[in-house]
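Reviewing the structure listed below.
Read-outs: derived from the displayed coordinates by stated rules, not from any lab. The structure displayed is predicted, hence computed values, not measured ones. Note that we place each Cβ from the backbone using ideal geometry, even for glycine, and neighbour counts take in every protein chain shown.
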Amino acid sequence: MSRVKTLDIKRIINTELEDLSAFIQTASVQVDTIATLGLLGAPLLKEIERWLAAHYVALYERQDAKVTMGDSSHTYGGKTGAGLSYTRFGQQALLLDTTGTLSNGGLRRASMSYLGGVADDGEMEV
């Protein structure tokens, strides 16, 4: 179940779209993955979902980075990259997700440990 509503998203992104439910649903599914870790509280999960949904709106509508009116112009935003780093909204979601789940695509880092030793001949002992 989503944590945010269309009005929550419209508070941080300028959009003419009336129905943002598809973007909210996508963000909600991703945040549900983070929630299963049990490391973040509901208010932070809601904020992550809000910024993620705005990211997907921005991808769909392609937000202007430069606005020109008459002889003057203004450039918005900052440095962008790939994935969630492509928009300032995705960048904010990455910052809010202190679990690192969004930054690694939902994958957990694998680890392996070895409890044996090394024999005199260089072979591993089990």
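A crude spin-label estimate for the pair L44 and L7, with each label 7 Å from Cα along the Cβ direction, gives 2.7 nm. Whole-Hz Karplus values for segment 42-49 come out as 4, x, 6, 4, 5, 5, 4, 5 Hz, taken residue by residue from phi with 6.51 cos²θ - 1.76 cosθ + 1.60 and θ = phi - 60°; glycine and proline positions read x.
According to the square roots a ≥ b ≥ c of the eigenvalues of the Cα gyration tensor, what is the shape class of segment 23-62, taking rounded for a/c under 1.5, prolate for a/b larger than b/c otherwise, and oblate for the remainder? Note, shape of segment 23-62 comes out prolate. The distance between label points at Y86 and S72 comes to 3.2 nm (points 7 Å beyond Cα on the Cα→Cβ vector). Protection proxy ranking of 50-57, 94-101, 39-46, by the mean of other Cβ atoms within 10 Å over each peptide's residues and highest first, is 50-57, 94-101, 39-46.
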